[in-house]
1. Please find, within the stretch 53-89, the residue that is surrounded by the fewest Cβ atoms within 10 Å (Cβ to Cβ) out of those that are part of a helix (DSSP H, G or I) and out of contact with any helix residue (DSSP H, G or I) (no Cβ under 7 Å at 6 or more places or on another chain).
2. Please tell me if Val271 is more than 16 Å from Gly392 (Cα to Cα) and at pLDDT below 80.
3. Quick test of your reading of the structure: Leu447 fulfils all but one of (1) closer than 22 Å to Ala265 by Cβ; (2) outside any loop (DSSP other than H, G, I, E, B). Name the failing condition by number.
4. Could you give every pair whose Cβ atoms fall below 9 Å, whose first residue belongs to the stretch 390-408 and is surrounded by 24 or more Cβ atoms within 10 Å (Cβ to Cβ), and whose second residue is assigned to a helix (DSSP H, G or I) and basic (Lys, Arg), counting only separations of at least 6 or pairs across chains?
5. Of all residues in the stretch 186-209, which are over 17 Å from Ile33 (Cβ atoms) and either out of contact with any Gly (no Cβ under 8 Å at 6 or more places or on another chain) or at pLDDT below 85 (or both)?
6. Just the residues that are open to solvent by 60 Å² or more (accessible area, probe 1.4 Å), in contact (Cβ under 8 Å) with a residue 60 or more places away in the chain and either over 12 Å from Thr156 (Cβ atoms) or not in a helix (DSSP H, G or I) (or both), please, taken from the stretch 318-343.
7. Considering each of Leu259, Leu272 in turn, give the residue that is touching a Lys or Arg at 6+ places or on another chain (Cβ under 7 Å) and touching a residue at least 40 places away in the same chain (Cβ under 8 Å).
8. Would you please list the contacts, defined by Cβ atoms under 6 Å and residues six or more apart or on different chains, that run from a residue in the stretch 69-81 that is closer than 15 Å to Val277 by Cα and touching a residue at least 24 places away in the same chain (Cβ under 8 Å) to a residue that is open to solvent by 10 Å² or more (accessible area, probe 1.4 Å) and of a type in the set (Phe, Trp, Tyr)?
Amino acid sequence: MSQDITRDPSVAANAATSKPTRVRYWMIAFLFIITTINYADRSTFSIAGSAASEALGLSPVDMGFILSAFGWAYVAAQIPGGALLDRFGVKRVYVGAIALWSIFTAFQGFVGLIGGLSIIGSLFVLRFLVGLAEAPSFPGNARIVAAWFPAAERGTASAIFNSAQYFALVAFAPLMSWLVHDFGWRSVFYVMGALGLVAAFAFAKFVQSPEKHPMVNAGELAIMKDGGAVSMEARVQKEGDKGGFSLARLKVLLTNRMLLGIYLAQYCINVLTYFFVTWFPIYLVKERGLNIMQAGFAAAAPALCGFIGGLVGGFLSDYLLKKSGNVSASRKTPIFIGMALALSIIACAYVDQEWLIITLMAVAFFGKGVASLGWAVVSDVAPREYIGLAGGVFNMFGNTAGIVTPIVIGYIVAATGSFDGALIYVGLHCIVTMLAFGLITGKIERLKMS
């Protein structure tokens, strides 16, 4: 059975006379909101962490391991999460994921209130469970984009949902900082958990495959089909087929040179991401002497620049693709430009003025946003039938940075008493990203898998 979108044989005829609807733009706006909440929930402990560490007596190394707990589960669950998406479809898996990660987020607010339980152990387990529940989210986003958007629009669409990682702090860092300041650190987890449950209900109501969505007409379906859109539904099972997973398929995804270069680059880009969503607010308080309210607003400025950079990267990539038809050059050019700008994070180790540090961070995260085209690349190269699995493998490698980065930075800060070495460590990954795309990846093209 073909994975291209079809509704019935009359689609082509109706498309000729139908003015295409634009429901796909509402869909990507909705994914942006969901992903904003996703990243806000990841960063709850970063915002509340300074106050929580004092209240609970946590050391920098303790904080490093707690902040890394999300990454351990998120990485481990990527391949199973992607396979679940391929087997059961996006909607059921994604709705359940949102509800679960929201519940586990809320539970973090109760840590330390129940006697006899280890504080460090409880926080580690709960953040681990948040990571486990969030695992299908980005592979799910990639599959929705591949189903709802033609190839020429995927760079922009992917950049929009991916830029939510920055907008999460723009929108929620001031709110969460205010909650900590006025109501205590526990309130952050209660509020964000409740908001996530509302988001799960909204997702269940709004998200459907294009061919089943009541607001999509034949004209828009034809645009998707002609542009190479794939099915959002669960893949039709053949006898003896275990959904989207098999060792043979996994071997192809783990041994292809193009994909290995993409995986390495995504790991390095995510080193910057995880510094930003874990240690950055703490860096502003501990190293630069800001109070929690000041740190919340200061973190929002680079986040806003990262958000803008993400949109710029997506628009630029799709513009180059429409002009040249060259997928490789169109995806790689913004990545090289962005990573060159992101190197400015290293300069923060050598300056003292607060305004200059925020400016350099803003430039760095603008560049990181421009370069964040990994999910567009996955939509371009993933085998049509196994986008969930391919996205899961990609996200597994990329989010290994969520395990390594918080722990390494925790040890660097504990050993040196400063964040300077941590900033250099983070910045050097920009160079490795450029080397990965320049020397390893080669031509970006769709991978065919039997």
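The values are calculated or read from the model by the stated rules, or taken from the named source; none is laboratory data. Remember, it's a predicted structure, so these values are computed and weren't measured experimentally. Heads up, the Cβs are rebuilt from the backbone with ideal geometry, glycines too, and the neighbour counts pull from every protein chain shown. SASA here: full protein model, heavy atoms, side chains in, ligands and nucleic acids out. Shrake-Rupley method; radii C 1.70, N 1.55, O 1.52, S 1.80 Å.
1. In this case the residue turns out to be Glu54.
2. no
3. Condition (2) is where Leu447 drops out.
4. Sorted first by the residue in the stretch 390-408, then by its partner, the pairs are Ala390/Arg249; Gly391/Arg143; Gly402/Arg42.
5. Listed by number, the list holds a single entry, Ser209.
6. Across the stretch 318-343, the qualifying residue is only Phe336.
7. Leu272
8. Ala69/Phe124; Ala69/Phe128
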